[in-house]
Every structure is written in C-alpha cells, then in structure tokens.
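Presented below is the structure to which this report refers.
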Amino acid sequence: MKKNLTSRRELLKTTAFGGVALAAGAMLTSCSKKEEKAAAPVNTNGTDEPVEKEELPYVDASSNKAKALRYAENGADVPAETRVDKGDTKGADQFCTNCQFYSEGGKCALFPGKLVKEKGWCVSWSLKAQS
Ligand code: SF4
C-alpha cells in the first residue's frame, strides 16, 4: 500500500512538473512569434502582407556625385550634345528604365541606397541587354 502512495506522489509530481514545463514552452513560443511579427516589415495599410518595394530616397540631382555623372531627373532636359547616341540608341531614347544599371523599383547600381527617376538619365547610360 505504501508503494502505491509513493508511486501516486511521483505520478502527481511528474504530471505537475510536465504541466509547468508545457505552459512555459507555450509562453516562450508565443513570445518568439510576437518578436518575429514585430521584426517583420509592416505595410503602411496595417496588413500583414509583405512589403514589396523598398522605400529609399531619390538621388539628389544637386549632389556632387549626381553632378559628376550629369544625372538629370528628366533626361529630356539634358541637351542633345550631352545625351549623344550610343550604338543604335538615340540620345532621346535613353532613360534609366532602359539602362543596364537600372533594376526594378528604381534602383541604380551607380547610386546604391537611392532611387532614380524612370525618365532619368546620366552619362553612364548603357543599353540594357534584351532578354
Ligand atoms: S547609370 Fe543608368 S540607371 Fe543609373 S542614373 Fe545613369 S542612366 Fe540612370
């Protein structure tokens, strides 16, 4: 009979400890999920949908680097003698969007961390390879 009491006590202790361990595990899991949620980028519309476009500042056309590259937010404003034909592409047809250094969303490899205007242009313009 005494053995039964001992084993019952052990069972209760084990069960109680197991319950506490499960509760602690659930709390930790819950906390880590909250942290993941907090670290993820949030849309401005307040939904959980992933942020698709990075929000970066546009190139300051008056910066030294932009001036050195003769960057203009609107290539059409650049004089024809500066925006010369390259290969088969007329100067008037050269824009950031058809330049090899341009990538989706407005990024330019020559201006890391900044965005360029779609109609922009600079002296480094080079025709993007057609896919
Ligand atoms: S390198 Fe190309 S994409 Fe970048 S600013 Fe010049 S024309 Fe635009």
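At a glance:
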item	result
Filter pass, residue 46 being small (Gly, Ala, Ser) and modelled with pLDDT under 95	yes
When residues of segment 62-111 are limited to those that are in a helix (DSSP H, G or I) and open to solvent by less than 40 Å² (accessible area, probe 1.4 Å), the one farthest from residue 128 (Cα to Cα)	66
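The values are calculated or read from the model by the stated rules, or taken from the named source; none is laboratory data. Quick caveat, the model's predicted, so the values are computed rather than measured. Side chains included, ligands, DNA and RNA excluded: accessible areas come from the protein's heavy atoms. Shrake-Rupley method; radii C 1.70, N 1.55, O 1.52, S 1.80 Å.
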